[in-house]
1. Mind listing just one residue for me: the one in region 117-157 that is in a loop (DSSP other than H, G, I, E, B), open to solvent by less than 60 Å² (accessible area, probe 1.4 Å) and in contact (Cβ under 8 Å) with a residue 60 or more places away in the chain and, of those, farthest from Val192 (Cα to Cα)?
2. Which ones in region 180-200 are under 17 Å from Leu55 (Cβ atoms) and either polar (S, T, N, Q) or in contact with an Asp or Glu (Cβ under 6 Å, 6 or more places away or on another chain) (or both)?
3. Go through the residues of region 95-116 one by one and say whether even a single one is touching a Gly at 6+ places or on another chain (Cβ under 6 Å), more than 30 Å from His153 (Cα to Cα) and in a helix (DSSP H, G or I).
4. Taking region 63-82 on its own, how many of its residues are buried (at least 24 other Cβ atoms within 10 Å of the Cβ) and β-branched (Val, Ile, Thr)?
5. Could you check region 86-101 and list, in sequence order, the residues that are open to solvent by 10 Å² or more (accessible area, probe 1.4 Å) and of a type outside the set (D, E, K, R)?
6. Being at pLDDT 90 or above, within 15 Å of Leu70 (Cβ to Cβ) and buried (at least 20 other Cβ atoms within 10 Å of the Cβ) is the filter here, so list the residues in region 165-190 that pass it.
Amino acid sequence: MSYKTVFPLYAYAALALINVIFPRAVFAHHPMGGAAPGTAWQGFASGIAHPIIGLDHLAFVIAIGFFCALCRVRNIGFPVALISASVLGSLVRWNEISIFYGELFVAVSVLVAGVFLLLRTRKMIAFSGIATIGALFHGFAYGEAVIGAESTHVIAYLFGLSLIQITIALTVYGLADRLIKMHRKDNNSIWVTSGAGVSLVGMAHLALLIAA
């Protein structure tokens, strides 16, 4: 394993350590400090922020982008479908419907997505099923931020949420696709690094939940 692979792994390990030391910061689920958005602008801003300040959510969306590159997905239908599932999950939670062990499923979905990348598994149907269920639970966690908010504010929130997720997924896809083309003969380090990184985030989150 070359230094180009080992160094990023140390960086991801450091991130996982930060997850353990500052769990509230990196797994934050309330962009507005726990309060529901009071205006459409606050809803939009909260939607933009949520997948970024929650490292578990960010890792999941990044994994979607990498998986699209791995399987050479040439249209945006796949990531859009997963993001739509997260929107559905948000609406379920906004209606104050409770789901047991939601955060546990979020952590497991991140871990499994990372394993798919690490093993370079191109089983589209299997990943689609797992990722769709995972997206629903991620959306359920997103929905915590808008419980009690007005419908117009929730719509703005979901718009921001969808916009930032598709932007991240497509950006990662573009970067990963370029890296693959640059390293056609040996791109194993791309999947080792991305898969291990995503998996570490999932493992750190899972460890925090078990320890709680």
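1. Per the criteria, the residue is Ala149.
2. From region 180-200, those under 17 Å from Leu55 (Cβ atoms) are 193-200; that's our starting set.
Listed by number, the residues that qualify are Thr193, Ser194, Ser199.
3. Step one: of region 95-116, the residues touching a Gly at 6+ places or on another chain (Cβ under 6 Å) are 107, 109-111, 114.
When the remaining residues are screened for being more than 30 Å from His153 (Cα to Cα), the result is 111, 114.
Remaining after also requiring in a helix (DSSP H, G or I): 111, 114.
Yes - at least one qualifying residue is present in region 95-116.
4. Result for region 63-82: 1.
5. Let us first name the residues in region 86-101 that are open to solvent by 10 Å² or more (accessible area, probe 1.4 Å), namely 87-88, 91-101.
Once the filter is applied, which keeps residues that are open to solvent by 10 Å² or more (accessible area, probe 1.4 Å) and of a type outside the set (D, E, K, R), region 86-101 yields Val87, Leu88, Leu91, Val92, Trp94, Asn95, Ile97, Ser98, Ile99, Phe100, Tyr101.
6. Ala169, Val172, Tyr173, Ala176
The values are calculated or read from the model by the stated rules, or taken from the named source; none is laboratory data. All values reported here derive from a predicted model rather than from experimental measurement. Reconstructed Cβ throughout: ideal geometry from the backbone, glycine too, with neighbour counts over all protein chains shown. Only protein heavy atoms, including side chains, enter the accessible area calculation; ligands, DNA and RNA are left aside. Shrake-Rupley method; radii C 1.70, N 1.55, O 1.52, S 1.80 Å.
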